[in-house]
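The values are calculated or read from the model by the stated rules, or taken from the named source; none is laboratory data. Keep in mind that this is a model prediction, so the values were computed, not measured. Backbone-built Cβ (ideal geometry, glycine too); neighbour counts: all protein chains shown. All accessible areas refer to the heavy atoms of the entire protein, side chains included, with ligands and DNA or RNA removed. Shrake-Rupley method; radii C 1.70, N 1.55, O 1.52, S 1.80 Å.
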Amino acid sequence: MRRVKLDERANKALRLESRGLSFHAWDNYWKETAAYEFTALQVGRIESASNELLHMLEEAGEYVVNNRLLGRLGIPPAFHDAVTASWRNEEPTLYGRFDFAFDGEGWPKLLEYNADTPTSLLESAVSQWDWLEDVKPHADQYNSLHDRLVAQWKTIVTKRRPAGRLPQRIHFASVSDNEEDWICVHYLMDTAVQAGFDVKHVFTEGLGFNHQTGYFVDEDDGQVDILFKLYPLEWMMREDFGVHLLNTHTQVVEPLWKAMLSTKAILPILWQLYPGHRLLLPAYFEHDTLPAGFNSYARKPLFSREGANIALIEDGKEIARGQDQDYGAEGHVLQSLITLKAHDGFFPVIGAWVVGDAAAGMCIREDTSRITTNMSHFVPHFFE
Amino acid sequence: MKKSKTVPLLLLGSTALLASCTPDQPPIQEMRQDAYASIEACDRDWVDDVCERSGSGHYLGPRYFYSHDNHTPYVIDRQGRTRPMPSHYGAYNGYGAGTANAPAVSPARTTMVTGNASAHGSSAISRGGFGSGRGSFSFGG
């Protein structure tokens, strides 16, 4: 794994914008003056690590449900039964993304699992593939995201439904006044159209609920059979309107059981079930008894996103802190601090995508800070 | 690992699609909820619906709205079920005459507008959606 400096494409902006990536220049988000080069062996390790972690999370989810640990994961009591039922019913998932620390040596280490609302999707699936075709046409890229997403919509629609009664329309919800989310959701709509389905966008604020039918409805009172929502489950559960998740016939994607895996609390659960595992970093609940000498760690709120409210502690002293966004009321976990290797002064984090129950590709974001945020740069990758 | 040559896109990149994403809004009605200083006052108004303590220390009755279609006030219980509001409920007084006026507000309670609702024929549709927990921060990962 190495960072390679390259020339930008002369038509970079046109190429990106013509495929919908309108926000590529915000804070120099899309960066192609460099790329990360991997070996096939390294890519294979990232792929197999993703598949193995999916299996481990399946065991962890079963452990959480069987031992009634949903409260410890920060899930409100009113939703425990619904989350458990969603898990038992094996409601289908669309996607997720592992964030790995990896420097090319040994195995990737799991930093966290974005199980519910990972973004950076269009740039991962399409923009960096276009870049490969333009810049490194003879190289390869770990990227089957697009094809897998198209295929997974068919699974989501057909699973547990009789063949003659399949919904033809999928609704996609994102919050208003957020272009990045709007683009991400419209890319997913594109993949659903390619899977043969009708699609409709709705803002999360415009959703309604029909008490007679038990379905969510769009702004035109149209029935929502399947709802993809780019909005965190843990927020939905805490809002007044979230009560309708408890008795709806609408199929929600991501399903409710993903709330068990999208919290950082799953990290100490995994460590408890798989102590010393090569893909994991030691992790504990903050108020657990800690091992002697455990004084270098990342302190992470259960529901933090984009690096917010994360603090890095080294030898008992704080060395970095993410933006304050009021996360942390539900508690914290402590994850052993790993020193990322700097490449030209940048710290890369591997985003390893999964679609359904299989590894699907990767993306890389780099930052001069040791905490990856939404201001970090997206950098393409390739392998020979 | 390489699955296709060029990733096809059917929707994105279309300027027609990107130009507009604000749908026409259907007629909406206000969803209301009453806050009380004491649990006794709340229980008195809502009789067999459970009052709950809010984060701000007040006690909240269930949410309710007035259906213009049916000329009937509806109450939504904690499980999200909707039913016509019984006439002996405190909030019924302002609605009982079949008007869409706001209910009479007693000194013991404060009425809040918590969202929007509409009624379709005999079915009631609550409006409000998701987004209040968002604050000003993004949440992608």
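See the values below:
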{"read-out": "Segment A:215-233, subset open to solvent by 10 Å² or more (accessible area, probe 1.4 Å) and more than 7 Å from chain B (Cβ to nearest Cβ), residue farthest from B:R32 (Cα to Cα)", "value": "A:D225"}
{"read-out": "So A:F347, is it in contact with a Leu (Cβ under 8 Å, 6 or more places away or on another chain), at pLDDT 90 or above and part of a loop (DSSP other than H, G, I, E, B)", "value": "no"}
{"read-out": "Count of segment A:139-166 residues which are part of a loop (DSSP other than H, G, I, E, B), out of contact with any Pro (no Cβ under 9 Å at 6 or more places or on another chain) and in contact (Cβ under 8 Å) with a residue 60 or more places away in the chain", "value": "3"}
{"read-out": "Qualifying residue in segment A:150-159 (condition: under 23 Å from A:A352 (Cβ atoms), more than 10 Å from every other protein chain (Cβ to nearest Cβ) and in contact with a helix residue (DSSP H, G or I) (Cβ under 8 Å, 6 or more places away or on another chain))", "value": "yes"}
{"read-out": "Selection from segment A:312-369 of residues that are closer than 23 Å to A:K258 by Cα and among the basic types (K, R)", "value": "none"}
{"read-out": "Sole residue being of a type in the set (D, E, K, R) and at pLDDT below 60, chosen from B:R134, B:R63", "value": "B:R134"}
{"read-out": "Those strands (runs of 3 or more DSSP E) lying entirely in segment A:209-315 with at least 2 residues on the phi < 0 side of the Ramachandran plot and of a type in the set (A, V, I, L, M, F, W, C)", "value": "A:215-217, A:226-229, A:251-253, A:283-285, A:311-314"}
{"read-out": "Selection count where residues are among the hydrophobic types (A, V, I, L, M, F, W, C), open to solvent by 10 Å² or more (accessible area, probe 1.4 Å) and more than 12 Å from every other protein chain (Cβ to nearest Cβ), scope segment A:234-260", "value": "2"}
{"read-out": "Check on A:F209, open to solvent by less than 10 Å² (accessible area, probe 1.4 Å), within 26 Å of A:E180 (Cα to Cα) and at the interface with another protein chain (Cβ under 10 Å from one of its Cβ atoms)", "value": "no"}
{"read-out": "Residues of segment A:193-205 classified as at the interface with chain B (Cβ under 9 Å from one of its Cβ atoms), of a type outside the set (V, I, T) and within 21 Å of A:G96 (Cβ to Cβ), total", "value": "1"}
{"read-out": "Some residue of segment A:183-192 being within 11 Å of chain B (Cβ to nearest Cβ), surrounded by 21 or more Cβ atoms within 10 Å (Cβ to Cβ), β-branched (V, I, T) and free of Cβ contacts under 8 Å to residues at least 40 places away in the same chain", "value": "no"}
{"read-out": "Residue pairs meeting the criteria (Cβ under 7 Å; at least 6 apart or on separate chains; first facing chain B (nearest Cβ under 9 Å), in segment A:100-126; second of a type in the set (K, R) and in a strand (DSSP E or B))", "value": "A:N114/A:R97; A:P118/A:R97"}
{"read-out": "From A:R88, A:R19, A:R9, residue being within 24 Å of the chain's Cα centre (by Cα) and farther than 30 Å from A:E286 by Cα", "value": "A:R19"}
{"read-out": "Every residue from segment B:1-54 that is at the interface with chain A (Cβ under 10 Å from one of its Cβ atoms), crowded, with 20+ Cβ neighbours inside 10 Å and at pLDDT below 75", "value": "B:M31, B:Q33"}
{"read-out": "Qualifying position, being closer than 24 Å to A:A49 by Cα, open to solvent by 30 Å² or more (accessible area, probe 1.4 Å) and either modelled with pLDDT of 95 or more or not β-branched (V, I, T) (or both), among A:D177, A:D140", "value": "A:D140"}
{"read-out": "Test: residue in segment A:185-199 that is within 30 Å of A:A283 (Cβ to Cβ), outside any strand (DSSP E or B) and in contact with a Leu (Cβ under 9 Å, 6 or more places away or on another chain)", "value": "no"}
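Rundown of residues vs (1) under 19 Å from A:I46 (Cβ atoms); (2) in contact with an Asp or Glu (Cβ under 7 Å, 6 or more places away or on another chain); (3) open to solvent by 10 Å² or more (accessible area, probe 1.4 Å); (4) acidic (D, E), yes/no style:
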| position | (1), (2), (3), (4) |
| --- | --- |
| A:D315 | no, no, yes, yes |
| A:D324 | no, no, yes, yes |
| A:L337 | no, yes, yes, no |
| A:H343 | yes, no, yes, no |
| A:W353 | yes, no, no, no |
| A:D357 | yes, no, yes, yes |
| A:A360 | yes, no, no, no |
| A:R370 | no, no, yes, no |
